[in-house]
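Reviewing the structure listed below.
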Amino acid sequence: MITPALPTPPDESTTAWALAARGGDAEAVEHFVRALHRDVRRYVTSLGADPQAADDLTQDTFLRALTSLHRFEGRSSARTWLLTIARRTVVDSLRYAAARPRLSDTADWQAAAERAQPHGLPGFDDGVVLADLLAGLPDERREAFVLTQLLGLPYAEAALVINCPVGTVRSRVARARTCLIEWLNAAEHPAPMRSAA
């Protein structure tokens with residue numbers, strides 16, 4: 001069983017904090033960042049960022065948001081606005097990385113990445129299984145699923161973040177669920193091996 005994350009404060013609270021932060025309230029800035037940090041990190045990770053890059057991308061997202069907070073008018077929730085910035089941050093990072101490929105300084109990069117992961121945390125194994133399953137989904141389905149099912153964004157707000165129609169988000173989520181259920185069922189009930197005769 002996957003342990004649920006702590007609930008995100010209601011969008012009204014985060015939006016109020018963003019608007020107060022826009023007016024220069026330092027305490028509101030702290031509340032805004034603390035309330036949405038987990039959602040932003042989870043989202044950028046789901047978009048394909050490795051764990052080390054996810055921390056940097058999360059920080060970059062908040063830097064971009066705080067420097068452009070004066071333009072936030074509250075027409076959408078602050079969470080939707082921030083996740084849209086996070087998406088752009090990841091896209092910019094991927095474009096930059098594609099233009100400037102880096103070489104790994106270790107021969108066994110996969111083992112190094114596995115050693116860097118935390119172990120022994122409650123729900124760690126379930127989180128790894130979920131991450132593996134989500135990684136198998138096409139990017140568009142994974143993004144829609146994470147936004148609506150893991151981060152709890154309403155479909156209309158997820159559509160704003162992704163910049164597509166609400167019906168498309170619903171379709172992608174439904175297809176993602178179908179795939180995940182099929183994969184889980186296949187893992188629980190593997191097909192019997194046939195002997196070669």
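The values are calculated or read from the model by the stated rules, or taken from the named source; none is laboratory data. As the structure is a computational prediction, the values presented were derived from the model and not from experiment. Neighbour counts are summed over all protein chains in view; Cβ atoms, including those assigned to glycine, are modelled from backbone coordinates with ideal geometry.
Filtered by the rule that a residue be loosely packed, with under 15 Cβ neighbours inside 10 Å, touching a helix residue (DSSP H, G or I) at 6+ places or on another chain (Cβ under 8 Å) and assigned to a helix (DSSP H, G or I), segment 38-55 gives PRO51, GLN52, ASP55. Taking segment 28-43 only, how many residues are under 9 Å from the mean Cα position of the chain (by Cα) and either closer than 11 Å to LEU82 by Cβ or at pLDDT 95 or above (or both)? So the answer is 3.
Taking THR89 as the residue in question, decide whether it is modelled with pLDDT of 90 or more and assigned to a helix (DSSP H, G or I). The answer is yes for THR89.
Within segment 58-87, no residue that is at positive phi and surrounded by 18 or more Cβ atoms within 10 Å (Cβ to Cβ) sits with its Cβ atom under 8 Å from a residue that is at pLDDT 95 or above and assigned to a helix (DSSP H, G or I) at 6+ positions apart or across chains. Counting only helices (runs of 4 or more DSSP H) that sit completely within segment 98-189, those holding 1 or more residues that are over 14 Å from the mean Cα position of the chain (by Cα), modelled with pLDDT of 90 or more and within 19 Å of ASP39 (Cα to Cα) correspond to 155-162, 166-188.
Residues that are more than 13 Å from the chain's Cα centre (by Cα) and among the acidic types (Asp, Glu) within segment 46-84 comprise ASP56, ASP60, GLU73, listed in sequence order. Reported count of residues in segment 126-154, each being crowded, with 17+ Cβ neighbours inside 10 Å, without any contact (Cβ under 8 Å) to a residue 40 or more places away in the chain, out of contact with any Phe, Trp or Tyr (no Cβ under 7 Å at 6 or more places or on another chain) and not charged (D, E, K, R), is 2. Return the residues of segment 22-57 that are touching a residue at least 60 places away in the same chain (Cβ under 8 Å) and farther than 18 Å from ALA158 by Cα; say none if nothing qualifies. Passing the criteria: ASP50, PRO51, GLN52.
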